[in-house]
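Asks: Below is a structure I'd like to ask you about.
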Amino acid sequence: MRSRDEETGMALDPGGGAHAPVKSADRVLAILECLAEHGELTLGELRTRLDIPKSSLHALLHTLLDRRWIDQDGSRTRFSLGVRALQIGTAYVDADPVTARCQEALDEIARRTGEAVHLGRLDGADVVYLAKRESVHPLRLFSAIGRRLPAHATALGKAMLACLPPEDVRRIVGPRLEALTAATRTDVDTLLAELSQAAERGWASEYEENEPGVSCVAVPLRLGQASLDAISVTAPSARWNETTTPRILAALTSVRDELERFASPRRR
C-alpha cells in the first residue's frame with residue numbers, strides 16, 4: 001500500500017526498490033530485527049550475524065541503549081530488546097483494525113472449542129501472530145503475540161497462501177522450504193497441490209508440521225483489508241480425533257462468516 005509524504009506529495013511505496021536505503025537506518029533496523037529473532041546476543045554475535053564494523057556497531061548500540069530500544073544484562077555483555085520495542089509493537093496491535101474487530105470473535109471460538117485460538121497475518125514468507133486466546137486445558141502450547149513462523153509449515157499460513165495465485169506463492173516462499181519437523185512440506189509443488197485443495201474447501205490444516213505433537217486448523221479472513229489474515233485453532237495431537245476437525249471448523253466458519261457479513265467493502 002502506498003503512503004503519501006505530506007510535504008512533497010510524493011507517494012511512498014514500501015519495498016518498491018526505487019530508492020537507496022539509508023545505511024545507518026538500515027543497520028539500526030537490522031540490529032532490532034536480529035535481537036527480535038535470536039533473543040540476547042553479545043557484541044561479537046551481533047557483528048558476526050550483521051557484518052557491521054565494530055566502531056559503527058558500538059555507536060549504534062549506544063544510541064539504542066540511550067533511547068531504550070535495547071537493554072543490557074547485568075554483565076553488560078549481552079543485548080536484548082528494550083521497553084520501547086514493546087511499546088511500538090503494542091501500538092501496532094492496538095491500532096490494527098482487524099485485530100480490534102476480531103476480539104469478541106476470538107473469545108467466542110475459544111469458548112466453543114476450549115483450545116488455543118490465534119489471529120495471524122501473512123508477512124512475506126512468514127506468519128505473524130497478532131492475537132491469541134489460551135486453551136482451558138492444563139496441557140497448553142507455547143505461542144506469543146509477535147511470534148513469526150514460516151507460512152508453509154502452519155495452518156494459518158497455508159490458509160492465507162491458498163488465497164494467492166500459484167506464481168505468487170512460488171515468489172513468496174522461494175525454491176527451498178525449511179523443514180521444522182519430519183512432517184513439514186519441503187517441496188513447493190507438493191505445497192501448491194495442498195494449497196489448491198485448501199482453496200477449494202475453504203480451510204487449511206497442519207498436523208505436526210510446525211511442532212511435534214501439535215495440530216491446527218485455520219480459515220482465511222476477508223474483512224476488506226489490504227492484508228492477508230486468518231484465524232486458527234491449535235491443540236495437542238493427543239486431543240485430536242475424528243470429530244475434532246469438524247467441531248473446530250464449525251466454530252471457525254460460523255464466527256468467520258459473521259465477521260465477514262459486516263465487513264466493509266475492500267479498500268482499493
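None of the figures in this text is laboratory data; all of them are computed from the coordinates on show. In this text the structure is predicted, and so the values were computed from the model without any measurement. Every residue, glycine among them, receives a Cβ derived from its backbone with ideal geometry; neighbour counts consider all protein chains shown.
Asks: For the chain, what log10 I(q)/I(0) values come out of the Debye formula at q = 0.08, 0.16 1/Å, with one point per alpha carbon and no solvent?
Replies: So the normalised log intensities are -0.39, -1.31.
Asks: Taking the Cα of E104, stepping 7 Å toward and past its beta carbon, and measuring to each backbone N in region 212-256: which are under 15 Å?
Replies: In region 212-256, the label zone of E104 (backbone N under 15 Å from the point 7 Å along Cα→Cβ) covers 255-256.
Asks: Let me ask something else about it. Residues in region 80-102 near a label at E45, defined as backbone nitrogen under 13 Å from the 7 Å Cα→Cβ point?
Replies: Answer for region 80-102: 80-81.
Asks: Between 0 and 90 degrees, rounded to the nearest ten: what's the tilt of helix 23-38 against the longest Cα principal axis of the chain?
Replies: So the inclination is approximately 50 degrees.
Asks: Given a Förster distance of 35 Å, report the FRET efficiency between R176 and R239 from their Cβ-Cβ distance, rounded to the nearest 0.05.
Replies: 0.60
Asks: Find the relative contact order for the chain and round it to a whole percent, using C-alpha pairs within less than 8 Å whose residues are 6+ positions apart.
Replies: 14
Asks: Further question on the same structure: For region 77-181, calculate the relative contact order in percent as a whole number, restricting contacts to Cα pairs under 8 Å that are 6 or more residues apart.
Replies: 19
Asks: If Rh is defined by the Kirkwood formula over all Cα pairs and Rg also comes from Cα, what ratio Rg/Rh do you get for region 51-125?
Replies: 1.18
Asks: Is the shape of region 99-151 best called rounded, prolate or oblate, per the rule: a/c under 1.5 gives rounded, else a/b larger than b/c gives prolate, else oblate, with a ≥ b ≥ c the square roots of the Cα gyration tensor eigenvalues?
Replies: oblate
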